[in-house]
Amino acid sequence: MMDAARAPDVSRETMDRLTQYVALLGKWNPKINLVSKTTLAEAWTRHIVDSLQILSLAPFSWGRWVDLGSGGGFPGLVIAIAAAEQNPQGHVTLVESDQRKCAFLRTVIRETGVNATVVAKRIEAVPPLRADVISARALADLSTLLSFVQRHGAANSIALFPKGATWEKELSQAQAQWEFAFEPYKSETEEKAVILRIEGVARV
């Protein structure tokens, strides 16, 4: 049961799609372990609200959003569901190498009718996607993520990466290899965590 205080501030139509998504997550999770069993009970806070806050830091209007290492669809699938009303011309590409997880992602896309595509390949093997916005959650260290941004970002693209309590250490290590502008935004769902909004990525 969702705590009303943590319910996302979205339209009825978006809420219906999100509810459908969470139901499918519960159905598929025992078979392919999309999220940890402990967080499944807190899916609305730990996964849905956590993903929606990332969307709030993106430009108001974007054409192509690429979510790397999508797994169970966080944040990419939540972005696609919210964008169905907020930014209907926006398209979300979900990059995930695990075929079973791709089957789940495609099922949710079909059932909810959102504008998204699944690419079932390793990130390094995907031709450059020229994304306006790139996201990744719990995928890799920041230096590795920035190499993905360089490969898949369009000119003037931005990246939105949730990072945990050790984010400053990751940032320092990344700055030894990369030039970039960044802004940390405090996470609404996790103490000491931030979302890094990054622009202008280039090798040092």
Looking at region 123-152 only, could you name the residues that are more than 16 Å from the chain's Cα centre (by Cα) and either charged (D, E, K, R) or under 29 Å from Arg12 (Cα atoms) (or both)? Glu124, Arg130, Arg151
Ala155 more than 19 Å from the chain's Cα centre (by Cα) and surrounded by 12 or more Cβ atoms within 10 Å (Cβ to Cβ): no
Is it fair to say Ala202 is assigned to a strand (DSSP E or B), more than 15 Å from the chain's Cα centre (by Cα), farther than 30 Å from Arg17 by Cβ and without any contact (Cβ under 8 Å) to a residue 24 or more places away in the chain? no
What are the pairs with Cβ atoms under 7 angstrom where one residue, in region 75-94, is basic (Lys, Arg) and the other, located anywhere, is surrounded by fewer than 21 Cβ atoms within 10 Å (Cβ to Cβ)? Sequence gap at least six, or different chains. none
Pick out, from region 1-114, the helices (runs of 4 or more DSSP H) lying fully within it that include 1 or more residues that are crowded, with 20+ Cβ neighbours inside 10 Å and among the small types (Gly, Ala, Ser). 50-55, 76-86
On the given criteria, is Ala154 farther than 28 Å from Thr189 by Cα, touching a residue at least 40 places away in the same chain (Cβ under 8 Å) and assigned to a strand (DSSP E or B)? yes
If we scan region 63-70, do we find a residue that is in contact with an Asp or Glu (Cβ under 9 Å, 6 or more places away or on another chain), without any contact (Cβ under 8 Å) to a residue 60 or more places away in the chain and of a type outside the set (Phe, Trp, Tyr)? yes
Just to be sure before I move on: is Ser143 in a helix (DSSP H, G or I), modelled with pLDDT of 95 or more and in contact with a strand residue (DSSP E or B) (Cβ under 9 Å, 6 or more places away or on another chain) in the structure I sent? yes
For region 94-125, what are the residues that are farther than 16 Å from Gly71 by Cβ and among the hydrophobic types (A, V, I, L, M, F, W, C)? Val114, Ala125
Filtered residue count, region 164-174, keeping only those that are within 19 Å of the chain's Cα centre (by Cα) and over 20 Å from Val204 (Cβ atoms): 2
Yes/no for Ser157 being modelled with pLDDT of 95 or more and farther than 22 Å from Gly69 by Cα: no
For the list (1) out of contact with any helix residue (DSSP H, G or I) (no Cβ under 6 Å at 6 or more places or on another chain); (2) under 14 Å from Thr189 (Cβ atoms); (3) of a type in the set (Gly, Ala, Ser), I need the number of the one condition that Ser61 fails. (2)
Sole miss for Val194 among (1) hydrophobic (A, V, I, L, M, F, W, C); (2) in contact with a helix residue (DSSP H, G or I) (Cβ under 6 Å, 6 or more places away or on another chain); (3) at pLDDT below 95 is condition (3)
Residues in region 163-180: is at least one at pLDDT below 95, surrounded by fewer than 15 Cβ atoms within 10 Å (Cβ to Cβ), not aromatic (Phe, Trp, Tyr) and not in a loop (DSSP other than H, G, I, E, B)? no
Going by the structure shown, is Asn115 touching a His at 6+ places or on another chain (Cβ under 7 Å) and not small (Gly, Ala, Ser)? yes
Matching entry among Arg64, Arg100 (being more than 30 Å from Phe182 (Cα to Cα) and basic (Lys, Arg)): Arg100
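The values are calculated or read from the model by the stated rules, or taken from the named source; none is laboratory data. Computed from a predicted structure; not experimentally measured. Methodologically, a virtual Cβ is constructed for each residue, glycine included, from the backbone with ideal geometry; neighbour enumeration extends over all protein chains shown.
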